[in-house]
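Working notes for the structure below.
The numbers here are math on the coordinates, done by the rules we state, and not lab data. Here the structure is a predicted model, which is why all the values come from computation and not from measurement. Counting neighbours? That spans all protein chains shown, and the Cβs are built from the backbone with ideal geometry, glycine included.
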Ligand SMILES: [Zn+2]
């Protein structure tokens, strides 16, 4: 048992230098979810790993199970390095943010091919210079949906009435959108019905598809506020990459 190597298409999430020449690498694989293991000689072995183990690379990787929680990676071939991500602090920060969310919210070793397609589409969108705010919103929205936390959008979370006018109140702690009668006396976010419609439509597309969307500024602003509230409710701790992103975007604006 454990003698046959496994292989999969995977995206590198993170690498930690271990000792003189080894790496501990975590990846999101297409078929086995998040996997972690040693790449012995990973810092030096050009023959077995080349430059394939840099974060955000798509690779084909082979590994062997071991007695510990950590696998042993045998070799890897680079499919796509997404080098363009490294030309922009904002895009690189958003890539780290996406990886951090997945690491916080997914259980290692569970096969979750839709999360693989989601991360692949998101990183490609960032590397291809698509609107970074839109890429982030689509990523967060679909991630939350896949985890089963998508709030009620186009009807009231309390009384289920369908909305036909704007604005709508929104409170993730109460399940999402609220009609004026149910929202009264609570301090909640108010968003346009058009925003909720756009978010709802985006959820009916293939999870890895990021091209072809043209969300307006208002949808991007209000959608970001909604997702920030929803994520605050489900994340086990604050995101470190978001703090970094806040620093660089305030720097950009000055
Ligand atoms: Zn209501």
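What's the angle, to the nearest 10 degrees (0 to 90), between helix 193-202's Cα axis and the longest principal axis of the chain? Between the helix axis and the principal axis of the chain, the angle is about 30 degrees. Taking each DSSP H run with n ≥ 4 as -39500 (n - 2.57) and averaging over every residue of the chain yields -11500 deg cm²/dmol at 222 nm. Between residue 104 and residue 4, the simple spin-label model (points 7 angstrom out along Cα→Cβ) gives 3.9 nm. Can you give me the angle between helix 217-234 and the longest principal axis of the chain, using Cα atoms only, in degrees from 0 to 90, rounded to the nearest 10? So the helix axis and the longest Cα principal axis differ by about 70 degrees. When only Cα pairs below 8 angstrom with a gap of at least 6 residues are kept, the chain shows a relative contact order of 16 percent. Distance from the C-alpha centroid of the range 174-197 to that of the range 26-43: 43 Å, rounded to the whole angstrom. Between the Cα long axis of helix 132-146 and the first principal axis of the chain there is an angle of about 90°, rounded to the nearest 10. Over the chain, the Kirkwood radius and the radius of gyration, each from Cα atoms, give a ratio Rg/Rh of 1.03. Annotation for residue 114 and residue 80: the two label points, set 7 Å from Cα along the Cα-Cβ direction, are 2.1 nm apart.
Would you please classify the overall shape of the range 1-44 from the alpha carbon gyration tensor, given that a ≥ b ≥ c denote the square roots of the eigenvalues, rounded means a/c under 1.5, and beyond that prolate means a/b larger than b/c while oblate covers the rest?
Numbers: a/c = 2.59, a/b = 1.42, b/c = 1.83.
Oblate.
Using the Cβ-Cβ distance between residue 205 and residue 31 with R0 set to 25 Å, the FRET efficiency from 1/(1 + (r/R0)^6) comes to roughly 0.60.
Label-to-label distance for residue 238 and residue 44 is 4.1 nm, based on points extended 7 Å past Cα in the beta-carbon direction. Neighbour counting of Cβ atoms within 10 Å sorts the residues 190, 165, fewest neighbours leading, into 165, 190.
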